[in-house]
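Report on the structure given below.
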Amino acid sequence: MKFNLKASLLAAAVAMSSLLSAVQAADDQYIGSLVYRTGPYAPGGIQWADGFADYVQLLNERDGGINGVKLTLEECDTAYNTDKGLECYERLKKGGSTGMPAVMPLSTGITYALLDRVAADKIPLITSGYGRADAADGTVFPWVFVPPATYWGGADVAIQYIAKEMGGADAMKGKKIALVYHDSAFGKEPIKTLEALAAKHGFELSLHPVSPPGLEQKPIWTKIGRQIKPDYVIMYGWGVMNATAIKEAAAVDFPRDKFIGIWWSGNEPDVIPAGDAAIGYKSLQFNGVGAGYPVHEAIKTNLYAKGKGSSKVEGDVGAVAYNRGMQSAVILTEALRTAMKEYGNKPMTGEQVQWALDRLDVSADRMKELGAEGLFDPIKLTCADHLGQGRVQVAQWDGKAFKAISDWIQPNDEMIRPMYKDSAAAYAKEKGITPRECK
């Protein structure tokens, strides 16, 4: 056999390169990301995914990762489908050298389907603004974390805001509130809270489920506009359902400034298609709106100016869902940073990140350091409290942008927290779970 020195050296160089890549990959922190860039909910899902990816890439480009540990992001598209979401989870959970350090499924349906699996796999499940609200009780749900807000807290804040608009809680007696909701686990989440608040304040609650994706709502709005005539409408909608609802509200002349959506109903893709009909429409937000924050400038300078941004439209930087994706990335990367303080500067496992999430403290000072002061509310979690403050703002669409029209509003913990505990206790009994002790 004729020996080819040049070919052998080239093969050795390729092998060495592959080995180095493998070593580098082993030293990277793997992050698996469940997203939906396709399907009926893609307009909001793409912006969320871009915000998440850009923040992770910003840490790589500007800071060299976290404490010298580079971040490797792998996305899997669920199309907001629960079966596909479970497939994504199973494919990503063993990624990298330490496995997926946490999963953020971006879907209440996938969240419910993963509850048992994450506990068995010891992978934290982070559900920012969706999922099971009672997972705020960390004694029953040690592997589930729900900062910065829950659907139950959102419902309470909506009623607080409406009560203030009406002149106080006492003024709500005899008034009518309608809930228009996506007929799914997500859309049904606020019903118990609103029923409890209706009993407490004496207002009349009517329920109006909308079959997904929500393009057919005319009979519902005809009933609301001509028969029920509520004083306020609350909406828990997502995707094309939202713009359709706003147009139908306008068609029956229901005032948009008496119409308030949950945060998944408060994105640019929800209002722009509705045109002038959306002016005055309000929504809850658990993140600030707009792009005028230092962290946005850092992303534009370090990524988009170099052609490395995730979004095809740089103008999406600062969009509501984009900011929400960034917020989820901040929660995860700050948990990784916290875990590294305890376990060293290396890729973290799911168990190590769960330890960190039980102690997560993203203070106001830390937000300022991140360039996100005022963009996100501070978060402090404990072993027993997997929610934090749960505060929410109200924003209003003026035809060009959402503008915050309230301060951060704290849910009524005196009422909501016992509801979390009671519901979690019922879940523990059903599943045979012994709540852990938190000292």
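The values are calculated or read from the model by the stated rules, or taken from the named source; none is laboratory data. Fair warning: this is a prediction, and the values are worked out from it, not measured in the lab. Every residue, glycine as well, gets a Cβ built from its backbone with ideal geometry; the counts of neighbours run over all protein chains shown. In case anyone asks, the SASA skips ligands and DNA or RNA and just uses the protein heavy atoms, side chains included. Shrake-Rupley method; radii C 1.70, N 1.55, O 1.52, S 1.80 Å.
For the reader, a short list of remarks on this structure follows.
- The residue that is modelled with the lowest pLDDT, among those in region 411-439 that are assigned to a loop (DSSP other than H, G, I, E, B) and surrounded by fewer than 16 Cβ atoms within 10 Å (Cβ to Cβ), is K439.
- Among the residues of region 239-261, the ones that are in contact with a Ser or Thr (Cβ under 7 Å, 6 or more places away or on another chain) and hydrophobic (A, V, I, L, M, F, W, C) come to 2 in all.
- Of all residues in region 327-348 being of a type in the set (S, T, N, Q) and within 22 Å of the chain's Cα centre (by Cα), the one that is most open to solvent (accessible area, probe 1.4 Å): T338
- Residue pairs whose Cβ atoms lie under 6 Å apart, separated by 6 or more positions or on different chains, with the first residue in region 313-329 and without any contact (Cβ under 8 Å) to a residue 24 or more places away in the chain and the second part of a helix (DSSP H, G or I) and open to solvent by 10 Å² or more (accessible area, probe 1.4 Å), are E314/Y304.
- Test for A149: is it hydrophobic (A, V, I, L, M, F, W, C), over 17 Å from Y41 (Cβ atoms) and in contact with a helix residue (DSSP H, G or I) (Cβ under 8 Å, 6 or more places away or on another chain): yes
- Total residues in region 209-240, condition modelled with pLDDT of 95 or more and open to solvent by less than 10 Å² (accessible area, probe 1.4 Å): 10
One line per residue, one yes/no per condition, for (1) of a type in the set (S, T, Y); (2) in contact with a helix residue (DSSP H, G or I) (Cβ under 7 Å, 6 or more places away or on another chain):
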position: A329; (1), (2): no, yes
position: T333; (1), (2): yes, yes
position: D361; (1), (2): no, no
position: D365; (1), (2): no, no
position: D398; (1), (2): no, no
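- In region 52-94, residue surrounded by the fewest Cβ atoms within 10 Å (Cβ to Cβ) [restricted to those that are part of a loop (DSSP other than H, G, I, E, B) and basic (K, R)]: K94
- Of all the residues in region 365-387, those that are in a helix (DSSP H, G or I) and open to solvent by less than 60 Å² (accessible area, probe 1.4 Å) number 2.
- Only a single item in (1) assigned to a helix (DSSP H, G or I); (2) touching a strand residue (DSSP E or B) at 6+ places or on another chain (Cβ under 7 Å); (3) more than 22 Å from Q160 (Cβ to Cβ); (4) not polar (S, T, N, Q) is not met by D257, and it is number (3).
- The condition (being among the aliphatic types (A, V, I, L, M), within 28 Å of S423 (Cα to Cα), modelled with pLDDT of 95 or more and open to solvent by 40 Å² or more (accessible area, probe 1.4 Å)) is satisfied by just one residue among A119, A135: A119.
- On the stretch given as region 349-362, residues that are open to solvent by 10 Å² or more (accessible area, probe 1.4 Å), touching a Ser or Thr at 6+ places or on another chain (Cβ under 7 Å) and within 27 Å of G374 (Cβ to Cβ) total 2.
- Test: residue in region 260-281 that is within 30 Å of R62 (Cα to Cα), at pLDDT 95 or above, among the small types (G, A, S) and open to solvent by 10 Å² or more (accessible area, probe 1.4 Å): no
- Within the set E437, E351, E373, the sole residue that is in contact with a helix residue (DSSP H, G or I) (Cβ under 6 Å, 6 or more places away or on another chain), of a type in the set (D, E, K, R) and in contact (Cβ under 8 Å) with a residue 40 or more places away in the chain turns out to be E373.
- Residue count for region 282-294, restricted to those that are buried (at least 21 other Cβ atoms within 10 Å of the Cβ) and of a type in the set (A, V, I, L, M): 2
- Taking the criterion of being more than 23 Å from the chain's Cα centre (by Cα) and of a type in the set (G, A, S), the residues of region 247-261 that qualify are A249, A250, A251.
Matching residues to (1) in contact (Cβ under 8 Å) with a residue 60 or more places away in the chain; (2) open to solvent by 10 Å² or more (accessible area, probe 1.4 Å):
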| site | (1), (2) |
| --- | --- |
| G109 | yes, yes |
| A113 | no, yes |
| P124 | yes, no |
| D156 | yes, no |
| M166 | yes, yes |
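- Test: residue in region 313-321 that is open to solvent by 50 Å² or more (accessible area, probe 1.4 Å) and charged (D, E, K, R): yes
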